[in-house]
């Protein structure tokens, strides 16, 4: 049966809302599988690309799940998102570890990693302790983490194995280093085959890509971190303040 859509509202949004309504009303139940995209495009009278855009949005919102070999599956209800507060306080970043679980994937001594060398102001020949971890929230993999520290702060490979779960704890509690501040950049990217496999998402799914560099009291960079975060399970919250001074308003 073909479903008529209105012209004034973008077609993919109308399709999203119709599928959401069927989920909320119980017409589409948890675990049920949607028709293939080409069949849905015939039902809605739109191109497969429009259907794909609507389904991708619903996947990101947590209404649907795409599984290899099984198609597009209805979830019971939208999955909540992990909210990360970007308040300017390092403690807000650390609180993330209290809400989540961690699995260490790799630990080794490396050299020549360009981003780590640049961020930690090291030489190409310097030895770097590298740890890769997978972070879970509510039993779902939400983040792949890469961490880099100069080997002099950690020691040999056996030490990395023992301390891999929290290099931050090692630096601050075991080594007595005060990490006073950090810089952070956030940008959008998509999941390659390996990251998609670890996060249990489709290759090409949207991600938040973060880089953080932590500095000690004298301004020396000590600890560099890269994270790949599932965009469908993450939300960033920023508090914006304003100094109490006269403001000149400009129209633009």
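The values are calculated or read from the model by the stated rules, or taken from the named source; none is laboratory data. Because the structure is a prediction, the values reported are computed rather than measured. For neighbour counting, all protein chains shown are included, and Cβ atoms are generated from backbone atoms with ideal geometry for every residue, glycine included.
Quick notes
Each row is one residue, and each column tells you yes or no for (1) at pLDDT 80 or above; (2) under 18 Å from the mean Cα position of the chain (by Cα); (3) in a helix (DSSP H, G or I); (4) surrounded by fewer than 16 Cβ atoms within 10 Å (Cβ to Cβ).
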{"position": "54", "(1), (2), (3), (4)": "yes, no, yes, no"}
{"position": "58", "(1), (2), (3), (4)": "yes, yes, yes, no"}
{"position": "69", "(1), (2), (3), (4)": "no, no, no, yes"}
{"position": "72", "(1), (2), (3), (4)": "yes, no, no, no"}
{"position": "83", "(1), (2), (3), (4)": "no, yes, no, yes"}
{"position": "91", "(1), (2), (3), (4)": "no, no, yes, yes"}
{"position": "97", "(1), (2), (3), (4)": "no, yes, yes, yes"}
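- The set of residues in the stretch 146-164 that are part of a strand (DSSP E or B) and surrounded by fewer than 20 Cβ atoms within 10 Å (Cβ to Cβ) comprises 146, 150.
- For residue 168, the stated conditions do not hold, so it cannot be described as surrounded by 13 or more Cβ atoms within 10 Å (Cβ to Cβ), assigned by TED's automatic domain parsing to the domain that holds residue 207 and within 15 Å of residue 106 (Cβ to Cβ).
- Residue 41 farther than 25 Å from residue 183 by Cα, at pLDDT 85 or above and crowded, with 18+ Cβ neighbours inside 10 Å: yes
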